[in-house]
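Read through the structure below, which is laid out as structure tokens, and then see the notes.
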Amino acid sequence: MQPVRVSALRGGTAVRLPRLATASVVASTLLVAGLAGCTSDSGGSGGGSETIVIAADLNNSSSVDTAYGRALQLRVDQVNASGRLGDRKLQLRTQDNRADPTASLRNITTFADDPSVAAIVEGTCDQCMVGAAKTVNDKKVPTIVLAASDQVSQTVTPYLFKLGPNSSDSAVTMVNELRRLQVANAAILYSDDLYGRGGNTVLTAELDKAKIPLSGARSVKPAATDITQAVGTLTDANPAALLVLTGPDQAALAAKSAKNSGYKGKVFFDAAAAGDLFIPNDAVAATNNTTMVFTQTLAIDDVIATTPAKAARKQWFRDYISRYGSYSGVGSFAADAVDLIAAAVARVGDDREQIRAIVETSQVDGLSGPIRLTPANHSGLMPQALTLLVARAGRWRLSS
């Protein structure tokens, strides 16, 4: 079979992306072990349900949550097309939380009170999920959170799970690279929210353990669109490395502000800065050679498909581009959330307690990387999933 190529648009120009010959979309995308050859267990209270809802509480104004919503819908469609759920079909139902914990709690309560909702997926609003944790637990609805903050997974509830990189794992990966490069010192720019404050704490601790001096740390409001002063204060000290712990839009702003200030040191992004495969045109020059801690999924076309898991990740990359015309690295977390829920639904229908129990012991090679959930650990993405990417010619590539 001959190689096939697909194209994605960047700045109005068609960019050709490699498409390796693989098995069919359905065969390669349903990676979760629980979906393979499973049959319905007896005792599932909702085993006869025809339509089973996955609800999603997202912020419609967030580019990351937009990517989550797209990935959720694509993966639901793929699961349904596979026929692996028999007569059952998944349906995605979303509500806008506007990054407002009150609105989010109202959405989650409505979802939880609907018996057709088997599970909930929460987007980027970490404060929303921390505030709604008691409701999730009281109403016994399994909920998978895609927010970046480690505090989500530290919120004790049997029904709350997290997918996505932990700040502590990201910090270890980043500092190991700083140590390898023998950087003299570093500065930290972080968002003033649960994720940023927590990330700053763990990153500072890792720098201290590595005996890398911290020349300064500054926070920025999560919605700030002008962070020139904060970045300038840090770069004025001329640190060897500027470490950025913000979302993707602010990370691009930070890189541009640093370049405009004449900063010549190294720039590092942590995993929360990941967004689209292609870097915005106005940030290409500023982010060139920037290093980011993330999973391989954002540069999966650089990976040789030597295992079924890698082949499935490459297929997901192509499927997302085929539907949406571009690729977002964070989408794989949302797709993995659907896969975990679908694997449980295939066995027990819409029985929430049994879905929760199955998710809690899931061990799969997901689209994001290895996922291991246990009763003692509800944050599933393994540290081994993280690697180093580098910005080259306006897109993210594997660093080596």
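The values are calculated or read from the model by the stated rules, or taken from the named source; none is laboratory data. From a predicted model like this one, the values you see are computed outputs, not experimental measurements. Backbone-built Cβ (ideal geometry, glycine too); neighbour counts: all protein chains shown. Just the protein is used for accessible areas: all its heavy atoms, side chains included, with ligands, DNA and RNA removed. Shrake-Rupley method; radii C 1.70, N 1.55, O 1.52, S 1.80 Å.
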Taking Cα atoms only, helix 63-82 is inclined relative to the longest principal axis of the chain by an angle, in degrees rounded to 10, of 30
Expressed in angstrom, Rg and Dmax over the Cα atoms of the range 224-344 are 16.9, 53
Here the equivalent ellipsoid of the range 127-207, derived from its Cα gyration tensor, has semi-axes (largest first, whole Å) of 31, 12, 8
Per GNM of the chain with C-alpha springs under 10 angstrom, the most fluctuating residue out of G198, G123, G331 is G198
If each part is reduced to its alpha-carbon centroid, the range 253-312 and the range 183-252 end up apart, in Å, by 17
With all protein chains present, the chain has a carbon and sulfur share of its accessible area (1.4 Å probe) in percent of 49
One would report the Cα pair-distance distribution of the range 176-268, bin width 10 Å, in %, as 18, 54, 27, 1
Note to self: Kirkwood Rh of the chain, Cα pairs, one decimal, Å, is 21.4
For L146, the net charge from surrounding residues (Cβ-Cβ under 9 Å; K, R +1; D, E -1) works out to -1
Both in Å, the radius of gyration and Dmax of the C-alpha trace of the range 293-340 are 10.3, 27
Share (percent) of C-alpha pair distances in the range 59-207 greater than 26 Å works out to 35
Dipole check, the chain, charges on Cβ (K,R +1; D,E -1), about Cα centroid: among A99, Y68, I227 the Cα furthest to the positive pole belongs to I227
Measuring from its Cα centre, the chain shows a charge dipole (+1 at each Lys and Arg Cβ, -1 at each Asp and Glu Cβ) which, in debye to the nearest 20, is 1200
As straight-line cross-link partners of K89, the qualifying aspartates and glutamates (C-alpha separation under 12 Å, not fewer than 8 residues apart within one chain) are E50, D77, D350
Computed over the chain: longest principal axis from alpha-carbon atoms vs helix 101-112 long axis, angle to nearest 10 degrees, is 20
Tilt, helix 248-260 to longest principal axis of the chain (alpha-carbon atoms), in degrees rounded to tens, equals 10
For the chain, dividing by residue count, accessible area per residue (probe 1.4 Å) in Å² works out to 40
Whole-Å distance linking the alpha carbon centroid of the range 336-371 with that of the range 48-106 is 15
The chain: antiparallel bridges as % of DSSP beta bridges, rounded to 5, reads 40
Quotient of Cα radius of gyration and Kirkwood radius for the range 129-283, i.e. Rg/Rh, equals 1.02
Within the set A376, A132, A240, GNM on the chain using Cα springs under 10 Å gives the largest fluctuation to A376
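How compact is the range 288-374 by the rule of thumb for globular proteins, expressed as Cα Rg over 2.2 N^0.38 Å?
1.23
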Karplus-derived 3J(HN,Hα) from phi for the range 335-348 (6.51 cos²θ - 1.76 cosθ + 1.60, θ = phi - 60°), whole Hz, x at Gly and Pro, runs 5, 5, 4, 4, 4, 5, 5, 4, 4, 6, 4, 4, 9, 10
Scan of the chain for trypsin sites (Lys or Arg not before Pro) in DSSP loops with at most 10 other beta-carbon atoms within 10 Å gives a longest site-free stretch of 1-210
Along principal axes, largest first, the alpha-carbon spread of the range 256-318 in whole Å comes out as 46, 20, 19
Here the tail fraction of P(r) beyond 15 Å, over all Cα-Cα pairs of the range 58-97, rounds in percent to 45
With only helices counted (DSSP H, runs n ≥ 4, each -39500 (n - 2.57)), the per-residue ellipticity at 222 nm for the chain, to the nearest 500, works out to -12000 deg cm²/dmol
For the table K211/K264; K264/K310; K162/K221; K139/K162; K162/K211; K221/K256, the rows whose alpha-carbon distance is greater than 26 Å are K264/K310; K162/K211
The chain, Gaussian network, Cα under 10 Å: of S82, S153, S170, the residue fluctuating most is S82
Counting Lys and Arg as +1 and Asp and Glu as -1 over every other residue whose Cβ sits under 15 Å from the Cβ of Q95, the net charge comes to -4
At 4 °C in a medium of viscosity 1.567 mPa s, the range 340-400 has a Stokes-Einstein diffusion coefficient, with Rh taken as the Kirkwood radius over alpha carbon pairs, in µm² per second, of 96
